[in-house]
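The values are calculated or read from the model by the stated rules, or taken from the named source; none is laboratory data. Small disclaimer: the values here were computed from a predicted structure and weren't measured. All Cβ positions, even for glycine, are placed from backbone atoms using ideal geometry, and neighbour counts span all protein chains on display. What goes into the accessible areas is simple: the full protein's heavy atoms, side chains included, and nothing from ligands, DNA or RNA. Shrake-Rupley method; radii C 1.70, N 1.55, O 1.52, S 1.80 Å.
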Amino acid sequence: MERKINMEKRIKNQPDFNQIINSKEPVVIKFDTNWCPDCRRMGAFMGEVLEEFNPFPLYEMDRDEFQEISSTYKVMGIPSLLVFKEGEKIGHLHSANAKTPESVTEFLTTYFK
């Protein structure tokens, strides 16, 4: 089964979030905000990282818009990458460890290679 690239897919509501995280295949949710400099920095290199994992299921959500979800899944810093499968969080790359293409690639390799 082929997975599609969703590089710019923004989650806009709770039902969409619930549907996406219940995927049988691992999916990544990038929690960010529009005012975050580290989020912009990650955005600059994320396309290059994703080329190694093509096709790749990446979705984005604004942590400030979804504070309850962020709190539930312990998203304290941004950007953070969370990996979900069948409704369960199976991975979390905290913002402090998500500063370089190498650190993001190493994290994603655990779930997608």
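Go through the range 65-103 residue by residue and tally those that are of a type in the set (Val, Ile, Thr) and more than 22 Å from Lys24 (Cα to Cα).
The qualifying residues number 3.
Is it true that Ser70 is of a type in the set (Gly, Ala, Ser) and closer than 18 Å to Ile11 by Cβ?
yes
Pick from the range 70-108 the residues that are of a type in the set (Phe, Trp, Tyr) and touching a helix residue (DSSP H, G or I) at 6+ places or on another chain (Cβ under 8 Å): which of them is nearest to Pro57 (Cα to Cα)?
Taking the candidates together, the pick is Phe84.
Checking Ala98 against (1) without any contact (Cβ under 8 Å) to a residue 24 or more places away in the chain; (2) in contact with a Gly (Cβ under 9 Å, 6 or more places away or on another chain), which test does it fail?
It fails just one condition, (1).
Among the residues of the range 7-34, what is the count of those that are hydrophobic (A, V, I, L, M, F, W, C) and within 19 Å of Ser71 (Cβ to Cβ)?
So the count comes out to 6.
Would you confirm whether any residue within the range 20-27 is surrounded by 14 or more Cβ atoms within 10 Å (Cβ to Cβ), free of Cβ contacts under 8 Å to residues at least 60 places away in the same chain and out of contact with any Lys or Arg (no Cβ under 8 Å at 6 or more places or on another chain)?
There is no residue in the range 20-27 that is surrounded by 14 or more Cβ atoms within 10 Å (Cβ to Cβ), free of Cβ contacts under 8 Å to residues at least 60 places away in the same chain and out of contact with any Lys or Arg (no Cβ under 8 Å at 6 or more places or on another chain).
Tell me which helices (runs of 4 or more DSSP H) are completely within the range 37-113 and hold 1 or more residues being open to solvent by 10 Å² or more (accessible area, probe 1.4 Å), at pLDDT below 95 and among the polar types (S, T, N, Q), or say none if there are none.
By residue number, 101-112.
Tell me which residues, restricted to the range 47-64, are out of contact with any strand residue (DSSP E or B) (no Cβ under 8 Å at 6 or more places or on another chain) and within 12 Å of Lys30 (Cβ to Cβ).
Selection gives Val49 alone.
Given (1) open to solvent by less than 60 Å² (accessible area, probe 1.4 Å); (2) modelled with pLDDT of 95 or more, identify the lone condition not met by Pro15.
(1)
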